[in-house]
Amino acid sequence: MKSNDSETRSLFELADAAFQQAAKKVIERAKATSTPIILWINNRPQECDPNQITLPTPAIEKRRTEN
């Protein structure tokens with residue numbers, strides 16, 4: 001793998017981890033305040049129950065389990 005590819009992948013993984021952390025905080029806050037989360041699904045906003053939302057595994061963790 002080229003150096004630029006590994007740097008880009010690392011940057012992607014860091015950005016993905018940051019989004020995951022932010023999403024987790026949003027879900028926790030929504031649960032604590034009994035507030036629905038608004039997501040853009042099928043080209044329109046939809047209210048979602050925060051208790052029904054599961055986050056995908058962050059890319060950086062997937063990479064660790066693959067190696």
Fill in: Within segment 1-25, tally of residues that are touching a Pro at 6+ places or on another chain (Cβ under 8 Å) and modelled with pLDDT of 90 or more
1
Practice prompt. Enumerate the pairs (first residue in segment 14-33 and in contact (Cβ under 8 Å) with a residue 12 or more places away in the chain and within 10 Å of Pro58 (Cβ to Cβ); second residue anywhere and surrounded by 12 or more Cβ atoms within 10 Å (Cβ to Cβ) and among the small types (Gly, Ala, Ser)) with beta-carbon separation below 7 Å, excluding pairs fewer than 6 apart on the same chain, so at least 6 apart or on different chains.
Written response: Asp16/Ala59
Worksheet entry | Evaluation of Thr54 against (1) assigned to a loop (DSSP other than H, G, I, E, B); (2) modelled with pLDDT of 90 or more (one fails), failing number | (2)
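The values are calculated or read from the model by the stated rules, or taken from the named source; none is laboratory data. For clarity, every value in this text was computed on a predicted model and none was experimentally measured. Note that we place each Cβ from the backbone using ideal geometry, even for glycine, and neighbour counts take in every protein chain shown.
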